[in-house]
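Novice: My questions will all concern the structure given below.
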Amino acid sequence: MERTRILIVEDEQIVADDLRETLEILGYEVAGLAVSGEEAIAKVVTTQPHLVLMDIRLEGAMDGIEASHIIQTNFQLPVVYLTANADRATLERVKQSQPFGYVMKPFSERSLATTIEIAIVRHQAELEVHRTLQTVQAGKNAAEELAHEKSEYLCLLAHELRNPLTAIKFATEVLQSHSEQLPDEKKMRYIQRIQTATNSLNKLLEDVLTLEHSNANPLEWSPLEVDVVGFCEELIEVLQVNCDDHHTLTFSTNVERYHAFLDEKLLWHLLNNLLSNAIKYSPEGGTIALQLLGEPDRFSLCISDQGIGIPPQTLLHLFTPFYRAENVGQIPGTGLGLAIAKQCVNLQGGSISVNSTLGQGTTFTVILPREK
Ligand code: ATP
Ligand code: MG
């Protein structure tokens with residue numbers, strides 16, 4: 001076991017020698033000797049003692065009480081006074097400096113040893129309490145941060161719900177009050193607005209539920225052996241039909257067949273969000289490429305487009321729910337797709353990164369492990 005290391009602060013050489021001898025007989029290690037408060041502070045740094053034995057009257061401008069205050073505050077070390085000086089005023093100052101012990105000269109070996117042991121135990125206990133308090137405080141801060149994030153999230157969600165709800169309210173009011181005067185064509189337009197708003201409400205709720213569900217049930221996903229090549233080919237086919245040849249979707253891979261342990265639902269949410277973004281943020285006629293690179297124990301999926309790109313200063317915030325870059329203009333969206341994609345990647349132990357040049361295009365790269 002490591003011996004307790006003690007720094008002696010004493011300006012009388014004979015007393016200091018006597019102390020050194022006594023401490024060594026008691027089984028302690030003398031870390032060093034200082035004759036002034038200034039030297040004591042310097043030696044605390046260089047010798048790293050466990051405890052300081054401090055005389056009150058010292059050489060130099062600083063007395064033992066001042067030196068002790070600096071040592072206890074800055075180095076969290078226990079200080080025990082050892083002095084013959086016991087007038088009332090000094091005792092009052094000693095009390096206020098909250099020492100770990102006080103031994104009157106001349107001292108007995110036993111009282112010195114007991115005071116040192118009690119000081120060490122009390123110091124350990126105080127450190128433990130301090131550590132516990134720090135852990136409790138860190139937990140409290142994290143809980144407060146989470147509560148703050150949740151409330152911000154709810155405000156943004158309410159804001160996103162308001163737009164389509166306002167559109168529905170307005171269109172239904174017009175239809176209700178002016179139904180007879182309105183030509184059929186206009187009525188149809190209002191009904192279409194209601195349908196569009198309902199669809200966007202539906203998508204918003206689905207996205208929020210997906211995000212919340214995967215947050216609340218991180219283990220509730222079931223990896224199965226998935227034919228990744230077949231999965232990608234099918235998804236590209238479906239999305240190509242949906243975007244009516246306004247964009248060209250391509251798929252390429254370095255492997256003919258590739259199986260990996262994945263949750264198909266998570267993989268679908270992941271690729272669907274990334275590919276939908278690539279389509280949505282590209283001009284008509286643009287090409288969107290999905291590339292699968294299969295390796296023995298992991299694989300990557302790259303989704304590249306030649307679209308509007310992402311401003312570099314916004315890249316850091318992209319995966320935060322409801323965040324949208326300022327260059328999206330009138331392109332609709334709620335800012336949830338990438339948060340969902342990131343969650344899907346995390347749940348499968350993978351990583352996602354982005355590379356983008358404003359006005360030229362964007363590439364998202366997802367790396368996923370092949371096994372569970
Ligand atoms: P939705 O929730 O409907 O998907 P969204 O597309 O705005 O809405 P995310 O998919 O989370 O939300 O994307 C967040 C933001 O990242 C977008 O608003 C856009 O600014 C930027 N972004 C994402 N993908 C691309 C891309 N391929 N090209 C350019 N910007 C992109
Ligand atoms: Mg999106």
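No value in this document is a laboratory result; all are computed from the given coordinates. The shown structure was predicted, so the numbers you read here are calculated from the model rather than taken from an experiment. Here the Cβ is made from the backbone with ideal geometry for all residues, glycine too, and neighbour counts use every protein chain on show.
Novice: For segment 28-122, with only Lys/Arg (+1) and Asp/Glu (-1) charged at the beta-carbon, what is the dipole magnitude about the Cα centre, in debye rounded to 20?
Specialist: 280
Novice: Going by alpha carbons, how many degrees (0 to 90, nearest 10) lie between the helix axis of 184-216 and the longest principal axis of the chain?
Specialist: For helix 184-216, the angle is close to 30 degrees.
Novice: Note the per residue figure in Å³ for the convex hull of the C-alpha positions in segment 54-209.
Specialist: Expressed per residue, the convex hull around the Cα atoms of segment 54-209 is 198 Å³.
Novice: Given labels modelled 7 Å from the Cα in the Cβ direction, how far is it in nm from ALA158 to ASN355?
Specialist: Between ALA158 and ASN355, the label points sit 4.3 nm apart.
Novice: On the first, second and third principal axes, largest extent first, how far apart are the outermost C-alpha atoms of the chain in Å?
Specialist: 108, 60, 38
Novice: So for the chain, taking the charge dipole from beta-carbon charges (+1 Lys/Arg, -1 Asp/Glu), which of LEU235, PRO99, PRO49 sits furthest toward the positive end?
Specialist: Positive-end residue among those listed: LEU235.
Novice: Also: Spin-label point model (7 Å from Cα, Cβ direction): what's the ARG110 to GLU145 distance in nm?
Specialist: Taking the two extended label points, one gets 5.4 nm.
Novice: Then there's this: Volume per residue, Å³, of the convex hull around the alpha-carbon atoms of segment 140-205? Before the final figure, lay out the partial values.
Specialist: Details: hull volume 4.1 nm³, N = 66.
It comes to 63 Å³ per residue, whole-number rounded.
Novice: Along the positive direction of the dipole of segment 140-205 (beta-carbon charges: Lys, Arg +1; Asp, Glu -1; about the Cα centre), which of SER151, LEU205, LEU175 reaches farthest?
Specialist: So the residue furthest toward the plus end is LEU175.
Novice: Now for a different question. Give a residue-ordered list of calculated ³J(HN,Hα) values for segment 48-55 (Karplus: 6.51 cos²θ - 1.76 cosθ + 1.60, θ = phi - 60°; whole Hz; x for Gly, Pro).
Specialist: Ordered by residue, 3J(HN,Hα) equals 6, x, 8, 8, 10, 9, 10, 6 Hz.
Novice: Suppose the chain between LYS186 and HIS317 were pulled fully straight at 0.36 nm per residue; how much longer would it get relative to their current alpha carbon spacing?
Specialist: Contour length minus the Cα-Cα distance gives 43.0 nm.
Novice: Something else now. Between the helical axis of 64-75 and the dominant principal axis of the chain, each derived from Cα atoms, what acute angle in degrees is found, rounded to the nearest 10?
Specialist: Here the helix axis deviates by roughly 20 degrees.
Novice: Using r as the Cβ-Cβ distance of VAL129 and LEU293, and R0 as 41 Å, what FRET efficiency do you calculate, to the nearest 0.05?
Specialist: My answer for the efficiency is 0.15.
Novice: May I pose another question? Compute the acute angle (0 to 90°) between the alpha-carbon long axis of helix 264-280 and the principal axis of greatest extent of the alpha-carbon atoms of the chain; round to the nearest 10°.
Specialist: 70
Novice: Sticking with this structure for a sec: Please report the relative contact order for the chain, taking Cα pairs under 8 Å with a sequence separation of at least 6, and give it as a percent rounded to a whole number.
Specialist: 10
Novice: Using 31 Å as the Cα-Cα cut-off, could you pick out the over-long pairs in LYS140/LYS203; LYS43/LYS95; LYS95/LYS140; LYS187/LYS280; LYS187/LYS342?
Specialist: LYS140/LYS203; LYS95/LYS140; LYS187/LYS342
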